[in-house]
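Student: To start, I am sharing the structure in question, which I have written as structure tokens.
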Amino acid sequence: MIEQLWEFHGGIKPTGHKNLSNQTPIVQANIPPFLVLPLLQHIGEPTQTVVQVGDKVLKGQIVAHCRGNNCNLLMSTPVHASTSGTVVAIELRAVPHPSGLTTLCIVIETDGQDTWIKRTPIADYTQLEQTALRDHIAKSGIVGLGGAGFPSHLKLKSNHIDTLIINGAECEPYITCDDRLMREHPQHIIAGAQIIMHALGGAKRCIIAVEDNKSEAYQALLEVATEPVEVVKVPTLYPTGGEKQLIHILTGKEVGRTQLPASVGIVVHNVETARAVYRTLQLGQPLVSRVITVTGNGIEKPQNFEVLLGTPIRFLIEQCGRKPDIERLIMGGAMMGFSLPHDELPIVKTTNCLIVSRANDIERQPSPMPCIRCSACAQVCPIHLLPQQLYWYAKAKDFKKAQEYHLFDCIDCGCCAYVCPSHIPLVSYYRYAKAEIRHSGQERQKAEIAKKRYEFRTFRLEREKKERAERRNKVVSEGNKKATIQAAVERAKAKKESLSANSQ
């Protein structure tokens, strides 16, 4: 039983805008004419197609698998057909990503039947070995559905885990999918949490954290929860939903800059992830859909949908009643989300929210002004960084110094930019610096590989040259040896003949 909550440094209380979409139940989105399924929808290695153009597929069928079909050992998860239909293309398509990148996608023309493959629910998961349970979760394609996309089965490999935290602290403005999920399916979340505890080797306790502004969700979970699952209210403060911040609030433990939560005996999963684990074990359903918030003043009916993965964003917006003059489309929350170039992109596993804004609804940011060194950014930074210094070094392209000030510990939460009186887009500078450092690192790695290849080639050529010389010397030596032997034979023969002549 938690008797005390701790506080993390900094944080802000931005306007939530949650009433736009949290007043109505989750709605099942329609089946689109086509699905676009990217082969990479998670952090880690991309999958490989196991279908061809023209193949008929069923809902829940694996269409792209991990390399070697062994997801349990890789940072990868398979991709499943979200509904039944026919594969009509396997091609490069744009996907939701800050860089606007393209990746290989499987395009399925849906048949409207939504026909499932044969599903095999596991009646008693407690009879499964932990390895088998993790393997089942891996093959179901489950990743962190809070937005990170880290393959969930890899978190279940941690040993000596004492506490499982289920993250229901939906602190980002506009997003309400977790709130509605906790209200409507609390039993699924708790059942999923119990399965995860078993997969972790029997964690001693489970804490479901819910912000104190979500009283209905809290009450719904409280009515269903049984020991050792505990439902706890946490303060409504951004970014409470951050993994390290939530751990500190609930346990008082500090996760170091280079540490993972498992190092302090804790694993954190999102409420939607817990529900996905429940559905794959108890219902035999792999990850083919998720709950998504579609909100903003650019649509008539902001609400939450259960959406098939691969559904085009345009198709989903149309169901909400598109308004004219839409100027901006954001995937994710207002703080950490990113703008999308258009609405022809697909819904992927990490899509938890779409904010659709009209031109006259977007608050125009004033032009940035010089930094006045007020330190407001440092006061709200939840990581105890010095955002002002990071800004100066990023702007000056002094990336070495930026790293010394722990640039890569920044979680891009945006608290610093939110309070900056000079309206400096601080996070943009940090992201730029990180990208440049990563690029330089990749270039150095390529150069190092090229250097090693050159050195090995030089070594190989010298070795071959030496071996050829040794072979030549050996041939000459053998030739000399034969000549020496022949000369000795000739001398012996001559001596014998001489002795024979003298005896006569």
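Student: Return the loop-located trypsin sites (Lys or Arg not before Pro) in the range 168-212 (DSSP other than H, G, I, E, B) with at most 14 other Cβ atoms within 10 Å of their own Cβ; answer none if there are none.
Tutor: Lys204
Student: State the extension gain, in nm to one decimal, for the chain segment bounded by Met369 and Ala447, taking 0.36 nm per residue of separation less the distance between their alpha-carbons.
Tutor: Working it through step by step, the gained length comes to 24.1 nm.
Student: Here's another thing I want to ask about it. So between Ser215 and Arg471, what do we pick up on full extension, going 0.36 nm a residue minus the alpha carbon distance?
Tutor: Gain on stretching Ser215 to Arg471: 83.6 nm.
Student: Here is a further query. Chymotrypsin sites (Phe, Trp or Tyr not before Pro) within the range 1-97: which are DSSP loop residues with at most 15 other Cβ atoms inside 10 Å?
Tutor: Trp6
Student: A further question follows. Looking at the range 295-381, which trypsin sites (Lys or Arg not before Pro) are DSSP coil and have at most 16 other C-beta atoms within 10 Å of their C-beta? Don't skip to the answer; put the middle values down first.
Tutor: Working: sites: Arg314, Arg322, Arg328, Lys349, Arg358, Arg364, Arg373; in loops: Lys349, Arg364, Arg373.
Qualifying residues, ordered by number: Arg364, Arg373.
Student: Quick one: which of 136-148, 445-457, 216-228 comes out on top by average Cβ neighbours within 10 Å, and what's the full order, highest first?
Tutor: So the peptides 136-148, 445-457, 216-228, ranked by packing, come out 136-148, 216-228, 445-457.
Student: Past 32 Å, Cα to Cα: identify those pairs from Lys118/Lys349; Lys244/Lys323; Lys204/Lys349; Lys13/Lys157; Lys323/Lys395, in the order given. Don't skip to the end; give the middle numbers.
Tutor: Working: Lys118/Lys349 23 Å; Lys244/Lys323 39 Å; Lys204/Lys349 30 Å; Lys13/Lys157 36 Å; Lys323/Lys395 39 Å.
Pairs exceeding 32 Å: Lys244/Lys323; Lys13/Lys157; Lys323/Lys395.
Student: Please report how far the C-alpha centroid of the range 379-397 lies from that of the range 454-496, rounded to the nearest whole angstrom.
Tutor: 70 Å
Student: I need Leu58, Leu200, Leu92 ordered by Cβ neighbour count within 10 Å, fewest first.
Tutor: Sorted ascending by nearby Cβ count, the order is Leu92, Leu58, Leu200.
Student: Under a crude label model (7 Å from the Cα following the beta-carbon direction), how far is Glu3 from Gln403 in nanometres?
Tutor: 4.6 nm
Student: If each residue of separation counts as 0.36 nm, what is the full-extension length gain between Arg460 and Arg119 once their alpha-carbon separation is subtracted?
Tutor: 117.2 nm
Student: While we're looking at this one, here's another question. Restricting to bridges with both residues inside the chain, how much of the DSSP beta-bridge set is antiparallel, in percent to the nearest 5? Before the final figure, lay out each step's value.
Tutor: Values: 37 of 60 bridges.
DSSP beta bridges in the chain are roughly 60 percent antiparallel.
All of the numbers you see were taken from the coordinates with simple rules; none came from a lab. This is a predicted model, so every value here is computed, not measured. Note: ideal-geometry Cβ built from the backbone for every residue, glycine included; neighbour counts use all protein chains shown.
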